[in-house]
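Every number in this text was worked out from the coordinates using simple rules, so none of it is lab data. This is a predicted model, so every value here is computed, not measured. Backbone-built Cβ (ideal geometry, glycine too); neighbour counts: all protein chains shown.
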Amino acid sequence: MNNILLYLVVSVPFCLIAGLVAGLIVYEEFRHHFIDKKKSIKPAIETAVVAFFFFLIIVFVVVNLLTR
């Protein structure tokens, strides 16, 4: 149980950064292609959330594979 808490404490900040960067990249790209900025915010937020959970799941899978 302590290991899971440690992995969460270490991985969540990095996953947040990865999600934020992915969201910013998508926002900038969509902002160039759409005149209305509101249309670029929704895909950017969706991408940020998907990237966050993707990297969080990858961390748990890799840690479980390496600790066996």
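Quick rundown of the values:
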{"item": "Estimated FRET transfer efficiency when R0 is 25 angstrom, pair residue 45-residue 12 (beta carbons, to 0.05)", "result": "0.90"}
{"item": "The range 2-66: relative contact order in percent, alpha carbon pairs under 8 Å with at least 6 residues between", "result": "41 percent"}
{"item": "For the range 53-68, 3J(HN,Hα) per residue [Karplus equation, 6.51 cos²θ - 1.76 cosθ + 1.60, θ = phi - 60°, Hz, x = Gly/Pro]", "result": "5, 4, 5, 5, 5, 4, 4, 5, 5, 5, 5, 5, 5, 7, 8, 7"}
{"item": "Which labelled figure in [x] 10.8, 30; [y] 15.3, 51; [z] 14.2, 49 is Rg and Dmax of the Cα atoms in Å, once derived from the coordinates", "result": "[y]"}
{"item": "Loop chymotrypsin sites (Phe, Trp or Tyr not before Pro), the chain (other Cβ atoms within 10 Å of the site Cβ: 14 or fewer; DSSP)", "result": "34"}
